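Here the structure comes first, spelled out in structure tokens, and everything after it is commentary.
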Amino acid sequence: MKVTGFTIVRNAEKYDYPVVEAIASVLPVCDNFIVLAGDSDDRTNDLLNSIQDPKLSIKHIIWDNTLRNGGAVLAAETNKAMAEIPFDSDWAFYIQADEIVHEKYYNEIKYKMEFWKDKPEVEGLLFGYRHFYGTYDYIGNTTNWYRNEVRIIRPNSNIISWGDAQGFRKADGQKIKVKQIDAKIFHYGWVKHPATQQKKIENFSQLWQESYQKKESEPEFDYSNISSLEKFQGSHPSVMTSRIEEKNWTFVFDKRKIKTGTVEKIRSFIERKTGWRIGEYKNYKII
């Protein structure tokens, strides 16, 4: 079985993406790994070059900044990375620059890739998600956080990155057929210094809006503007240890200030009772 990992990244230092940790967390289950490095104006290339692993292949490219509608540039660059995947790969493992795989899931991931390898009807493997917010101590627990997404796909099978590169579909728009596995992605995209988070959000606005016009911004992102969070119980991936120890800001969530709207309360109640999330967005079909 051959597994190729892949990701895209640009300006990882400027926006404090844990891309080194993301790649390191996936390398143990990959035979090779492709990074498509965009045209950064910081030390992203130095960060990537610090990963001393022969599995790693770094390719450089200039992003097409004309693709501003709905984050389309992210999917376009991801598809370019997918085009670099060797044809003899059985699986392709996609990881975003702020996503980490906990080492406790390695055995499950390898077992399920091997188990489904020769069953072509399974086009991808679906992971659960933990979305950390504000700090490494809390995770989002409202229904607007996506619960699952595909991170392992069968390469060279007419599957493309979709939308803003959150997930995948067939080139004709059909949802891909997947199996859920007992593994989670730890998503740290909402955990960084408030000033850096504000800059990241402004940068994303440029990727999402065709008619983006820079406005006067706040100096720091306000993490307190959140309706509900849940205390994280468990361990973080070992590759995140140093980053967590070096955290240089403070965010304390006050449960007394929870203001969950009526609609969210109803949606959450139904989900707890039935497992069904009303209006859940899915790029996949579980088989």
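The values are calculated or read from the model by the stated rules, or taken from the named source; none is laboratory data. Small disclaimer: the values here were computed from a predicted structure and weren't measured. Cβ atoms come from the backbone with ideal geometry, glycine included; neighbour counts cover every protein chain shown.
Every test in (1) assigned to a loop (DSSP other than H, G, I, E, B); (2) out of contact with any helix residue (DSSP H, G or I) (no Cβ under 7 Å at 6 or more places or on another chain) is passed by residue 218 save one, and that test is (2).
The rows are residues; the columns are (1) part of a loop (DSSP other than H, G, I, E, B); (2) more than 19 Å from residue 90 (Cβ to Cβ).
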{"position": "126", "(1), (2)": "no, no"}
{"position": "129", "(1), (2)": "no, yes"}
{"position": "132", "(1), (2)": "no, yes"}
{"position": "135", "(1), (2)": "yes, yes"}
{"position": "139", "(1), (2)": "no, yes"}
{"position": "142", "(1), (2)": "yes, yes"}
{"position": "151", "(1), (2)": "no, no"}
{"position": "155", "(1), (2)": "yes, no"}
{"position": "164", "(1), (2)": "yes, yes"}
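Scan the range 147-166 and give yes if some residue there is touching a His at 6+ places or on another chain (Cβ under 7 Å) and within 25 Å of residue 14 (Cα to Cα), otherwise no. No, the range 147-166 contains no residue that is touching a His at 6+ places or on another chain (Cβ under 7 Å) and within 25 Å of residue 14 (Cα to Cα). The set of residues in the range 147-176 being among the acidic types (Asp, Glu) and more than 27 Å from residue 272 (Cα to Cα) consists of 164, 172. For the residues 50, 40, the requirement of being among the small types (Gly, Ala, Ser), more than 22 Å from residue 92 (Cβ to Cβ) and surrounded by 14 or more Cβ atoms within 10 Å (Cβ to Cβ) singles out 40.
Of all residues in the range 168-181, those that are in a loop (DSSP other than H, G, I, E, B) and of a type outside the set (Gly, Ala, Ser) have Cβ atoms under 7 Å from Cβ atoms of residues that are surrounded by fewer than 18 Cβ atoms within 10 Å (Cβ to Cβ) and modelled with pLDDT of 95 or more, 6 or more apart or on another chain, in 175/285.
Taken as a whole, the condition of being under 17 Å from the mean Cα position of the chain (by Cα) and assigned to a loop (DSSP other than H, G, I, E, B) does not apply to residue 81.
May I ask you to list the residues in the range 115-151 that are touching a Lys or Arg at 6+ places or on another chain (Cβ under 9 Å), crowded, with 16+ Cβ neighbours inside 10 Å and of a type in the set (Gly, Ala, Ser)? Hits for the range 115-151 are 124, 140.
Each row is one residue, and each column tells you yes or no for (1) under 26 Å from residue 205 (Cα atoms); (2) within 19 Å of the chain's Cα centre (by Cα); (3) surrounded by fewer than 19 Cβ atoms within 10 Å (Cβ to Cβ).
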residue	(1), (2), (3)
2	no, no, yes
12	yes, yes, no
17	yes, yes, no
61	yes, no, yes
66	yes, no, yes
